[in-house]
Amino acid sequence: MNLRLILAALGCAFLLAHLRALPQTLEDIDSINFAMGVESFDVAKHQPHPPGYPIFIAMAKASTRAVAVVAPGWDRDRRAAVGLAVWNVIAGALGAWVIFEFWMAAGLSAILAALAAFVAVSSPLFWLTASRPLTDTVGLVVALAVATLLLRGSAAFARETKSLLHVLRPRRSDHDWVAQRRLSSILQSTRRICAAHANLGGGALRPGSGSPEIHCRTALREHDAGRG
């Protein structure tokens with residue numbers, strides 16, 4: 001079976017389990033600050049505490065309004081808690097896939113990456129944190145998603161750079177072809193010089209131990225013998 005389908009099933013099970021156990025009240029000063037920020041955003045008054053979490057607050061405003069429509073009988077405290085916690089539940093459900101993709105991008109095999117995702121999502125800390133009216137699980141999953149994109153982008157850049165260098169680097173056959181052309185040109189010039197020395201003055205230049213003709217002809221014979 002495809003590992004991604006198994007992880008999708010794990011994510012669905014995580015989502016269903018946590019939707020049945022959403023918090024009924026705010027639990028600490030941070031969650032209270034978030035709830036107050038949803039009602040009236042003012043970081044100077046710690047609504048919520050710095051740095052303000054403007055994106056999360058905007059998401060929580062939308063979810064809190066949706067909760068008020070779906071469950072109008074709930075009190076203010078419970079609506080605020082569920083409106084905040086629902087994003088952690090969604091992020092936790094997506095966490096199985098995100099963690100799997102992160103470890104795949106880091107170089108693990110598919111089996112090990114799936115095992116790491118299963119262990120992380122089923123751990124008590126991850127499981128309990130995902131139902132709290134805070135930003136912890138959302139922040140973790142988003143950070144891992146960004147890290148995954150960075151790892152894949154870095155790997156793609158390295159591959160493209162290597163491919164480009166391979167294209168720009170002269171091939172060995174090109175070097176050999178240029179060297180052969182240069183050597184052929186030098187040998188042709190050498191033959192012309194040897195012929196000119198042999199014919200100078202109607203034989204006035206006679207072969208001797210120091211004659212350029214002997215050196216030229218010797219070099220040409222050695223070259224021709226080497227090619228044969």
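List of remarks:
- Relative contact order (percent, whole number), region 3-166, Cα cutoff 8 Å, 6+ residue spacing: 27 percent
- Counting charges near residue 31 (Lys, Arg +1; Asp, Glu -1) among other residues having Cβ under 14 Å from its Cβ returns a value of -2.
- Amide H to amide H distances under 5 Å link residue 47 with 42, where only residues 5 or more positions off or on other chains count and H is placed in the peptide plane.
- Volume of the Cα convex hull of region 1-113, divided per residue and given in Å³: 123 Å³
- What the Kirkwood sum gives for region 98-149 is a hydrodynamic radius of 11.4 Å, with every pair of different alpha carbons counted.
- A full extension of the chain between residue 149 and residue 2 corresponds to an added length of 50.7 nm, given 0.36 nm per residue minus the alpha carbon distance.
- Between region 75-105 and region 107-139, the Cα center-to-center distance that results, in Å: 10 Å
Read-outs: derived from the displayed coordinates by stated rules, not from any lab. The structure presented is a predicted model; accordingly, all values stated were derived computationally and were not measured. Here the Cβ is made from the backbone with ideal geometry for all residues, glycine too, and neighbour counts use every protein chain on show.
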